[in-house]
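Reading through the structure tokens given below for one structure.
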Amino acid sequence: MLDLVWLVVVVPLVSGLGLLVWGKEGDRVGHLVGTVASAVAFVIGLVAFVQLLGRPEDDRSVAGTLFTWISSGPFHVDMAYRFDPLSALFVLLVTGVGTLIHVYSIGYMAHDERRRRFFAYLNLFVAAMLTLVLADDYLVLFLGWEGVGLASYLLIGFWQHKPSAAAAAKKAFVLNRVGDVGMALAIMLMFAQLGTSSIQAVNATVAGQASESVATALGLLLLLGACGKSAQVPLQAWLLDAMEGPTPVSALIHAATMVTAGVYLVVRSNGIFDAAPVAQTAVVVVGLVTLLAGAGIGCTKDDIKKALAGSTMSQIGYMMLAAGLGPAGYAFAIFHLVTHGFFKANMFLGAGSVMHGMSDDVDMRHYGALRRAMPVTFATFGLGYLAIIGFPGFSGFFSKDRIIEAAFGESFWVGLAALLGAGVTAFYMTRLMVMTFTSPKRWLDDVHPHESPRVMTVPLVVLAALSVLGGVLVLGGWIEHWLEPVVGHTEHHELAVPAWGMSIIVTAVVAVGVALAWSTYTRSPIAGTAPADADVSVLTRAGRHELYGNAVNDTLVVRPTRHLTRVLVFLDARLVDGLVRGLADRLGDTSQFLRTPQTGYVRSYALSILVGSLVVVLALLAVTLA
Amino acid sequence: MATLLLADRPDIAAPTIEWSLLSPLLVVAGVAMVAVLVETFWPRRTRFTAQAVLAGLGLLAALLDTVRVYVSLDRVDGDVVGRGTPVAEGAVTVDGPGVLTWGLLLVFALLSLALFAERRLDGGLSAFTGRAVDPPGSAGEAEATRLRLEHTETFPLLLFALAGMMLFASANDLVTMFVGLEVMSLPLYLLCGLARRRRLVSQEASLKYFLLGAFSSVFFLYGVALAYGYAGSFRLADIDTAVTSRTGGEHLLLAAIGLISVGMLFKVGAVPFHQWTPDVYQGAPTPVTAFMAAGTKAAAFVAFMRVLFVAFGGASWDWRPLLWVVALLTMVVGSLVAIAQTDVKRMLAYSSVAHAGFLLVGLAGAYVADSERITSVSGLLFYLGVYGVSSIGAFAVVTVVRDAGGETTHLSRWAGLGKESPFLAGSFALFMLSFAGIPLTGGFIGKWSVFSAAWSGGYGALVVAGVLTSAVAAYFYVRVIVLMFFTDPVGDGPTVALPSVLTTVVIAAAAAGTMVLGILPGPVLDLAQHAGTFVR
């Protein structure tokens, strides 16, 4: 099976394309075909993973070439894949969570007449994401990178009849383009400096063959790409708008898988980042800023999906931060990525289940007391909640703890900020829980909350179980050990406080956050409408406006560009068109003038021939004999 | 007595005729004569079909024969490689370029024949008048239409004209060339006046063409006489010998070159001898226009090239500047005046003038060196092929766009044709793009090949002028495309008559040819290169 691991890409790709071209007859079974394709990919991935486990440690990497993609002079790119411990984890995450979300979507999209198309896009997304993580060449990776971008665009704008969804899709696409420019430039730079774009070759030779400035440039360009895809500051603005897409999309693409591609890229390019300390620091700074910004946004949003999206930003900030710490953090970045994939997908699907019961209302101020109305959703969501805030024993506890620990190993201030983030996370998640499930009901008229069908709750239960148990991966340092062939040995810094002491401190901070939120939101009844901007603190206002990210983009980029286009349009209309039209008019005048000898009289034609002949003969004689 | 007579008999050797090499020409002429007999004896009811089938079979046979002849040509090694040999006591040369031109002419004739034979477009009658003697609009004309009379003489006329063209393109002495010229022209004069619709315009065109054609033939003939006075022979090779040895009498030589050129330039429609073109193209029945545009141009250009390169090759520094100026004038006037045209056929006529200019650029370049690069001969042959195919296709489209009064050639009536008939408008757009020389059409490769020949011949400035005028010409070609696809129709919009399979095949074949020559020009370019130079 290891030699056939590329089938995990082919199966959903074929299924996705097939579903797109299949006519109306496909509507009845299209969703089943899509789900089965995803499940088949998962089974293939699982078998391959088990076989990889069975191999000796130093042999856990299977590379292969499907065909030569580009061969032009010295530029040679193979359609090459590599199945190693890192990509194996991703294959499992993408296909596993992906399959659960496919199953969930059968119920969620049951009443949508374009359901077959939805599953086609989901399949295409899975294929593209797997291409991304299996690629053994940056150019092939870029292919998947663009593929997930396209799938994300199509899915965010799936309900294209809503102008807000169409606009959100466009925004996501454009902001991702900015990041993609960074990726493209990085690949070009690799080729110019190292003569190859193979991931293995680049990471092995960058330290020896390229100067540190080149490595730094490569690192920063890749970071730009990662920021776009992973919604990190300064390219974060698209993620909250992307919640316009159907909720399973938010769960799969904008929480569990695609948005973590940036983290994957940084970890995969560890050779480049290890050779470029400046770029690493930049990664840490980006991660830290996003961590706090996302948490801030999460505290202020009343839209349940946007609150979760802020949380996603923040959690990816954690992963970035860890990835920026170098070998000390790579394994933990991936560990948190996996556990986050479980619990965030769980909570997004839970949110979708809530919306399903609340007639697609997303405003938490209209929720409340759903604990009784939707017991399964509440229970699974609650487990996800405990996991994300880092309740001892749950998966998030282990993964976040390790990152904070590693951050303290890097610097006290970085560690402190990460610790603060944990507290804020506890605050906004508790706020969300209280407003949605435990506070008195504030339902609008004609809303009758009910539990979702079995096809939606079963995936919730599975994901909840994974959220709880995901922590086992770290027992005995398994994940560090597993990833060692890819990211190198993880060094442990000796901290002033022992590891268990650290855990207690983190748990204490989390407890404070929970307590604060609990007291704030249970002391007085929650208003059905949000207080006006003027009545809330500066910080809340900033959070509500997503830290003014849109305003910044608007001022710095959109408006200057618009002015520039106006100037260019003016120049084009007056100068260029004026010249062209003027020229055309003059030619037309000349044409009218030249046709005047065309009188229609044979005599004048004959005269023209006679004069022409005389001129021809006389000119010949004159020129030659003179 | 008998012995005396025998002894006194002057010793006349029978001329040797290489029948086998000349057979394609003879087949066409022979079928034409048979067609005259058919005209006389075949019952009227089925005569039209019989004539069309006979002509078609004759043309096919001649085409196959041409292929056989081309393959059998012997290689002649000189300064430049050639193929073939003079035949019929030196009156005709069967050589690579000549036989290739035969092939082109036969293909053009086959395509045109299909248009000649089209009867579905005009209520079961051909595009030709029923009884030419009736004055337009008379009671006799109405009666002829009622009786469903048709002139089937058009088929033998087509074949005679074709035979003339073939002879014209491969004549090896000036008298034979003149004979070819006239055999080609006379049937065309007649054909031009036979339109079923708008007969007055058609007859006017015919008369104009005849008068001006005769006028220009006189110049040609005068030039031939002067050439004989200079060299003492009509043979192109003999004239060449006289020119290269500079026997004296420069005045005679230059005047001969000038006057012969005038005759040729008239036939190809070069400025300032082009004025007949729009009037005749517009007035003639469209199938005839199609045949004329493609065939006359090809035959005349090859004959012109043969005279200049073979007979006057030694004096090329005298005639090249002349062609330089005429080419420039022709391109500029043709392209510019086309902009002001409102009639499709007139626009195509000016377009044909402009194309004569582009072809003259390649001719003026006079690049004949034997190298890997494209020579003037092969460049022109390729261009003529592409231009002919696209032209016939374009005129075929014109025959299909109709209203109650016959073809609607006013451009304003073509607005919105793309909605009415995407296939038709798409084909026409393809021909326009090819005329404009847009890449991936045959026209681009054609322009490239004549321009590259001119460039190799040292006429870079003329090439630059040619490219600039192509840009101007693109304007009116693209304007038609815009009109067809992006303009709302006026009133009821254009109507497209449903043609029979004949016209459909012509349009489809022309479109396919235009595209294939643009995308895969290699084999045909190789063929044109392989033809080599003229054999004297």
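Since residue B:413 meets every condition but one in (1) closer than 24 Å to residue B:103 by Cβ; (2) crowded, with 20+ Cβ neighbours inside 10 Å; (3) more than 18 Å from the chain's Cα centre (by Cα), which condition does it not meet?
Among (1) closer than 24 Å to residue B:103 by Cβ; (2) crowded, with 20+ Cβ neighbours inside 10 Å; (3) more than 18 Å from the chain's Cα centre (by Cα), residue B:413 violates only (1).
Would you check which residues across the range A:349-358 are part of a helix (DSSP H, G or I) and more than 22 Å from the chain's Cα centre (by Cα) and list them?
A:353, A:354, A:355, A:356, A:357
Residue by residue through the range B:69-127, note down the ones that are outside any helix (DSSP H, G or I), more than 15 Å from residue B:24 (Cα to Cα) and polar (S, T, N, Q).
Within the range B:69-127, B:85, B:126 qualify.
The rows are residues; the columns are (1) in contact (Cβ under 8 Å) with a residue 12 or more places away in the chain; (2) under 30 Å from residue B:306 (Cα atoms); (3) outside any helix (DSSP H, G or I); (4) of a type in the set (D, E, K, R).
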{"site": "B:475", "(1), (2), (3), (4)": "yes, no, no, no"}
{"site": "B:489", "(1), (2), (3), (4)": "yes, no, yes, no"}
{"site": "B:499", "(1), (2), (3), (4)": "yes, no, yes, no"}
{"site": "B:507", "(1), (2), (3), (4)": "yes, no, no, no"}
{"site": "B:514", "(1), (2), (3), (4)": "yes, yes, no, no"}
{"site": "B:526", "(1), (2), (3), (4)": "no, yes, no, yes"}
{"site": "B:535", "(1), (2), (3), (4)": "yes, yes, yes, no"}
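Answer yes or no as to whether residue B:310 is in contact with a Ser or Thr (Cβ under 7 Å, 6 or more places away or on another chain), farther than 18 Å from residue B:454 by Cβ and among the aliphatic types (A, V, I, L, M).
no
Output the residues belonging to the range A:571-626 that are in a helix (DSSP H, G or I), facing chain B (nearest Cβ under 7 Å) and open to solvent by 80 Å² or more (accessible area, probe 1.4 Å).
Within the range A:571-626, A:592, A:623 meet the criteria.
Filter the range B:87-105 for residues that are buried (at least 22 other Cβ atoms within 10 Å of the Cβ) and either touching a Cys at 6+ places or on another chain (Cβ under 9 Å) or not small (Gly, Ala, Ser) (or both) and give the result.
B:92, B:93, B:94, B:95, B:97, B:99, B:100, B:101, B:102, B:104, B:105
Yes or no: the range A:81-104 includes at least one residue that is over 19 Å from residue A:7 (Cα atoms), assigned to a loop (DSSP other than H, G, I, E, B), touching a helix residue (DSSP H, G or I) at 6+ places or on another chain (Cβ under 9 Å) and open to solvent by 20 Å² or more (accessible area, probe 1.4 Å).
The answer is no, given that none of the residues of the range A:81-104 is over 19 Å from residue A:7 (Cα atoms), assigned to a loop (DSSP other than H, G, I, E, B), touching a helix residue (DSSP H, G or I) at 6+ places or on another chain (Cβ under 9 Å) and open to solvent by 20 Å² or more (accessible area, probe 1.4 Å).
Could you tell me whether residue A:221 is modelled with pLDDT under 95 and closer than 18 Å to residue A:287 by Cα?
The answer is no for residue A:221.
Quick one: count up the residues across the range B:277-311 that are touching a Lys or Arg at 6+ places or on another chain (Cβ under 6 Å) and either within 14 Å of chain A (Cβ to nearest Cβ) or assigned to a loop (DSSP other than H, G, I, E, B) (or both).
Counting residues in the range B:277-311 that are touching a Lys or Arg at 6+ places or on another chain (Cβ under 6 Å) and either within 14 Å of chain A (Cβ to nearest Cβ) or assigned to a loop (DSSP other than H, G, I, E, B) (or both) gives 4.
Among (1) of a type in the set (A, V, I, L, M, F, W, C); (2) without any contact (Cβ under 8 Å) to a residue 40 or more places away in the chain; (3) within 14 Å of chain A (Cβ to nearest Cβ), where does residue B:273 come up short?
Tallying (1) of a type in the set (A, V, I, L, M, F, W, C); (2) without any contact (Cβ under 8 Å) to a residue 40 or more places away in the chain; (3) within 14 Å of chain A (Cβ to nearest Cβ), residue B:273 fails exactly one: (2).
Could you run through the range A:488-547 and say how many residues are in contact with a helix residue (DSSP H, G or I) (Cβ under 6 Å, 6 or more places away or on another chain), of a type in the set (S, T, N, Q) and in a loop (DSSP other than H, G, I, E, B)?
So the answer is 1.
Within the range A:158-271, which helices (runs of 4 or more DSSP H) (wholly inside it) include 3 or more residues that are among the aliphatic types (A, V, I, L, M)?
So the answer is A:163-194, A:199-209, A:212-230, A:261-268.
Can you spot a residue in the range B:291-314 that is open to solvent by less than 10 Å² (accessible area, probe 1.4 Å), of a type in the set (Ser, Thr, Tyr) and out of contact with any strand residue (DSSP E or B) (no Cβ under 9 Å at 6 or more places or on another chain)?
Yes, the range B:291-314 has at least one match.
So residue A:437 fits all but one of (1) open to solvent by 10 Å² or more (accessible area, probe 1.4 Å); (2) part of a helix (DSSP H, G or I); (3) of a type outside the set (D, E, K, R); what number is the exception?
Every condition holds for residue A:437 apart from (1).
Tally up the residues in the range B:219-258 that are part of a helix (DSSP H, G or I), more than 14 Å from chain A (Cβ to nearest Cβ) and either in contact (Cβ under 8 Å) with a residue 60 or more places away in the chain or among the basic types (Lys, Arg) (or both), please.
Total meeting the criteria: 5.
Grab the helices (runs of 4 or more DSSP H) fully contained in the range A:359-421, keeping just those with 2 or more residues being among the charged types (D, E, K, R), closer than 21 Å to residue A:298 by Cα and under 26 Å from the mean Cα position of the chain (by Cα).
A:395-410
Residue-by-condition table, conditions (1) touching a Lys or Arg at 6+ places or on another chain (Cβ under 8 Å); (2) open to solvent by 40 Å² or more (accessible area, probe 1.4 Å); (3) without any contact (Cβ under 8 Å) to a residue 24 or more places away in the chain:
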position	(1), (2), (3)
A:109	yes, no, no
A:118	no, no, no
A:136	yes, no, no
A:151	no, no, no
A:159	no, yes, no
A:163	no, yes, yes
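Pairs, please: C-beta under 6 Å, at least 6 apart or cross-chain, first residue touching a residue at least 24 places away in the same chain (Cβ under 8 Å) and of a type in the set (Lys, Arg) and in the range B:296-311, second open to solvent by 10 Å² or more (accessible area, probe 1.4 Å) and outside any helix (DSSP H, G or I)?
B:306/B:534
Could you say which residue among B:116, B:48 is touching a Pro at 6+ places or on another chain (Cβ under 6 Å) and either open to solvent by 10 Å² or more (accessible area, probe 1.4 Å) or over 27 Å from residue B:235 (Cβ atoms) (or both)?
Sole residue among the options that is touching a Pro at 6+ places or on another chain (Cβ under 6 Å) and either open to solvent by 10 Å² or more (accessible area, probe 1.4 Å) or over 27 Å from residue B:235 (Cβ atoms) (or both): B:116.
Quick check on this structure: which one of B:160, B:108 is open to solvent by 10 Å² or more (accessible area, probe 1.4 Å) and either on the phi < 0 side of the Ramachandran plot or in contact with a His (Cβ under 8 Å, 6 or more places away or on another chain) (or both)?
Exactly one of B:160, B:108 is open to solvent by 10 Å² or more (accessible area, probe 1.4 Å) and either on the phi < 0 side of the Ramachandran plot or in contact with a His (Cβ under 8 Å, 6 or more places away or on another chain) (or both), namely B:160.
Please go through the range A:310-348 and give me each residue that is out of contact with any His (no Cβ under 7 Å at 6 or more places or on another chain), assigned to a helix (DSSP H, G or I) and among the aliphatic types (A, V, I, L, M), ordered by number.
A:313, A:316, A:320, A:321, A:323, A:331, A:333, A:334, A:337, A:338, A:345, A:347
Out of all the residues in the range B:456-481, which are surrounded by 19 or more Cβ atoms within 10 Å (Cβ to Cβ), away from every other protein chain (no Cβ under 14 Å) and under 18 Å from residue B:365 (Cβ atoms)?
B:456, B:457, B:459, B:462, B:463, B:466
What pairs can you find where one residue is in the range B:331-342 and at the interface with another protein chain (Cβ under 8 Å from one of its Cβ atoms), the other is charged (D, E, K, R), and their Cβ atoms are less than 6 Å apart, with a gap of 6+ or different chains?
Close Cβ pairs satisfying both conditions: B:337/A:595; B:340/A:595.
Select, from B:261, B:206, B:216, the only residue that is of a type in the set (S, T, N, Q), open to solvent by less than 60 Å² (accessible area, probe 1.4 Å), within 13 Å of another protein chain (Cβ to nearest Cβ) and over 19 Å from residue B:299 (Cα atoms).
Just one listed residue meets the conditions, B:206.
The values are calculated or read from the model by the stated rules, or taken from the named source; none is laboratory data. If you're wondering where the values come from, they're calculated on a predicted model, not measured in any experiment. Neighbour counts run over all protein chains shown; Cβ positions are idealised from the backbone, glycine included. We work out accessible area using only protein heavy atoms, side chains counted, and drop any ligands, DNA or RNA first. Shrake-Rupley method; radii C 1.70, N 1.55, O 1.52, S 1.80 Å.
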